[in-house]
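One structure is given below, encoded as structure tokens.
The values are calculated or read from the model by the stated rules, or taken from the named source; none is laboratory data. Remember, predicted model here, so these are calculated numbers, not experimental data. Using ideal geometry, Cβ is built from the backbone for each residue, glycine included, and neighbour counts are taken over all protein chains shown. Please note that ligands, DNA and RNA were not included when accessible areas were found on the heavy atoms of the full protein model with its side chains. Shrake-Rupley method; radii C 1.70, N 1.55, O 1.52, S 1.80 Å.
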Amino acid sequence: MLKPVEMRELRIVTLDEHVDGVIKRIDALGSVHLTDIKEFLNVWEGLVEPSKADEMLIKASELLVRIDNLIALLQPPQESKKSLKEMLFQEQEDEKGAGKTEVVGISLEAIDPEFTKLEKRVNELITNKDSLIEDSSKAKELLRVLRVLDDFGVDLGFVGAKDIITVHLGKLPESDLEALAGALEAVVGANYFIESRQVPDGEEEVVFALVVTLTEDIEAVDRVLMRLDFEPWQRPEVELPERIKDAITDVETKIKQQADAIKGTEREVAEIRKTKFADLLAMQEFVQIEDNKAKVKVLFGHSERVRVIEGWTPKEEVENVTEGIREETGGFSMVEVIKPKRDDVRVPSLLKNPRILKPFESIINMYGHPLYKDIDPTLITAIMFPILFGLMFPDIGHGLIILLLGLALMFAFKGLDKEIRSAGIIVVLCGLCAVVAGVLFGEFFGFSHYASELIHDSMGMEIPNWLLLKPLWFEPIPEVEFMFVVVMLIGALHMGLGLCLNVANKLSEKDYFEVIGGFVKLWCLFGALYFLLLLFGFHFTELQDNNMPLLLRNITIYLLLPIFALFALKVIAELKHEAGGGDHDAGGKKEKLDVMDYLIILIDGVIDALLENFFRFLANIVSYGRILALALCHAALIEVFLLLTFMCLGLHVVLATVVFLAGTVVVIALEAIMAGIHTIRLHFYEWFTKFYEGGGIEFSPFKLR
């Protein structure tokens, strides 16, 4: 459980004619992670070459894109949005197997012409519908103008330039209407006439204006209209009766005909959707499978008659995979099974944890999927994450609410995604630890002995005794110093566990020099903790007895010696590196180190011992003080609302209840989020950095669908 599942490398050699069957069998087995042959070309010493994309891949990919586009066009209308009740309490439909119609006995060559015919007809209908909608939109705009003219009481023939007068019809902003009259009077005097109507235009109101002027003034009038953003109406090229009533009737008839044509097109599209959509989904699945088969073949190596497949499978699946491939090929294949080294970065990693621990893998993957050589931190994370959260969020009542919310995510809110529902396990464990921490610190919905004293001293009011719980351990606010010591000890323990895991890692790699370095780092971590406890006033027996020799001895053992040991190990490592792989001169001889080189090595050793280890351990341990900070912040914030509640109690009990409930919601929402964020931070920056690399390849078994 503390290591990714043990993997085996598979080298499969099969004849060309069997490769499709092998791919299908690997798909059916569902336990083989395929990888690119290019990563292993050096093993085959030029016997095989990487495959290239063939005509089948290009054809399948192009056809798949066309099918996807047509399915998008014919997609049934989406259902109305679900209500909150349906989202939370209605069981989601199991999509497993949905749309998975098995297609047998057809080929791309058979699908292509049938699909092309269907695609052509649908595109024609869609194009025709779009054209009809556009024409209908223009006709409706024309009808609106005609109705404005009818309101003005003029026919179509009245608009335009005549021998004596010119009639302008168009739109302009309402704010410019008065300015239009003034501008026309300035250039043509009283020789003009304006009539206007407000007409709805979507969400806005626009003004249609009918402007009559003398034809001899047309140039000056045009300049005025242009300056005032007048948008002239252009008579359409379609033939219309000159009489306005007849023109309106004619356009209304055309709009009705266009609407009927649009409905007819929609009915035909709906009929195609009804009769052909399932066939399209079947085509899509078949072409997707063919496309995936063609794509995966690009990963294989090939020679004149054989294909070479490289992949990975869990150790316990090796027998099933090898037997399945031999059965598929009738024995005309070879499967070589190789045990990879743990430090091989090409090996994908598969985590195998109990169901209750699975949600914590998502937290680890946020940092980076483990390498094959990494220790799987899921189990320890599942233990420490809720504990650290609970210490930051210590309250029995608030913890119970978090616990109930987690149970609701797991069992009641059926409409949520499975990932969110599984995250309910994390919420449940965090709520449970918050309850335990609340028992230890004696806090229930913010009520505590310290809060009782605060309210009594501030307002002279008493909290009922039945709301006050005696802490099983202590209260953090009155004993901040002791609480800080506790969180430093927890931090040192947590990081020490990480360093122990690092030692275990190095021991499995048989890197004994790093194993020694790991133990020295543990020693240095303890020294950093010892220094901080002294610095923050935690008095030990030797200080109370003024036993300075004993104190100096402890400082030497716990501080100076581990720092010197880290310095020595760093210097030795650098000297070994220089001796084994340093610079060579042109003749290939090793260059001797001069005084400056030795000085740089010594300085590097000091930096590594002090800055990279001792001072970093100090900073990391102090960083766990955020546990204390969040616990105090939680207590202080809820106490503010308690004070407000008791202040409002003198006004009205309902008001006090509302304030208390609102404060509880605010504190739970705010503090739970903050505690979760800081718990993740402690894991990422204080713990994972001690032993965990991440950045590995997640095991992903090949599936055609």
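List of remarks:
- Note on region 300-340: among residues that are within 36 Å of the chain's Cα centre (by Cα) and in a loop (DSSP other than H, G, I, E, B), the one that is farthest from residue 351 (Cα to Cα) is 300.
- The number of residues in region 244-287 that are farther than 22 Å from residue 123 by Cα, touching a residue at least 40 places away in the same chain (Cβ under 8 Å) and not β-branched (Val, Ile, Thr) comes to 5.
- Per this entry, residue 18 is counted among residues that are at pLDDT 90 or above, crowded, with 18+ Cβ neighbours inside 10 Å, more than 23 Å from residue 697 (Cβ to Cβ) and in contact with a Ser or Thr (Cβ under 8 Å, 6 or more places away or on another chain).
- For region 450-469, the set of residues classified as open to solvent by 50 Å² or more (accessible area, probe 1.4 Å) and under 43 Å from the mean Cα position of the chain (by Cα) consists of 450, 469, listed by residue number.
- A count restricted to region 277-298 and to residues that are open to solvent by 50 Å² or more (accessible area, probe 1.4 Å) and within 21 Å of residue 14 (Cα to Cα) stands at 1.
- Output for region 175-202, where each listed residue is closer than 20 Å to residue 223 by Cα, at pLDDT below 85 and surrounded by 13 or more Cβ atoms within 10 Å (Cβ to Cβ): 176, 177
- Residue 409 passes every criterion in (1) in contact (Cβ under 8 Å) with a residue 40 or more places away in the chain; (2) buried (at least 18 other Cβ atoms within 10 Å of the Cβ); (3) under 23 Å from the mean Cα position of the chain (by Cα) apart from (1).
- Residue within region 349-362 that is surrounded by fewer than 19 Cβ atoms within 10 Å (Cβ to Cβ), out of contact with any Phe, Trp or Tyr (no Cβ under 7 Å at 6 or more places or on another chain), assigned to a helix (DSSP H, G or I) and without any contact (Cβ under 8 Å) to a residue 12 or more places away in the chain present: yes
- The single condition from (1) more than 30 Å from residue 306 (Cα to Cα); (2) open to solvent by 10 Å² or more (accessible area, probe 1.4 Å) that residue 345 fails is (1).
- Every pair of residues 6+ apart whose Cβ atoms lie under 8 Å, when the first sits in region 219-242 and is touching a residue at least 60 places away in the same chain (Cβ under 8 Å) and surrounded by fewer than 17 Cβ atoms within 10 Å (Cβ to Cβ) while the second is part of a loop (DSSP other than H, G, I, E, B) and not β-branched (Val, Ile, Thr): 242/155
- Per the listing 215, 166, the residue uniquely surrounded by 15 or more Cβ atoms within 10 Å (Cβ to Cβ) and of a type in the set (S, T, N, Q) is 166.
- Qualifying residue in region 48-66 (condition: under 15 Å from residue 346 (Cα atoms), surrounded by fewer than 18 Cβ atoms within 10 Å (Cβ to Cβ), more than 32 Å from the chain's Cα centre (by Cα) and at pLDDT below 90): no
- Of all residues in region 472-524 being of a type outside the set (A, V, I, L, M, F, W, C), open to solvent by 80 Å² or more (accessible area, probe 1.4 Å) and in a helix (DSSP H, G or I), the one that is modelled with the lowest pLDDT: 481
- Among the residues of this structure, residue 429 does not count as one that is within 24 Å of residue 482 (Cα to Cα), open to solvent by 20 Å² or more (accessible area, probe 1.4 Å) and at pLDDT 90 or above.
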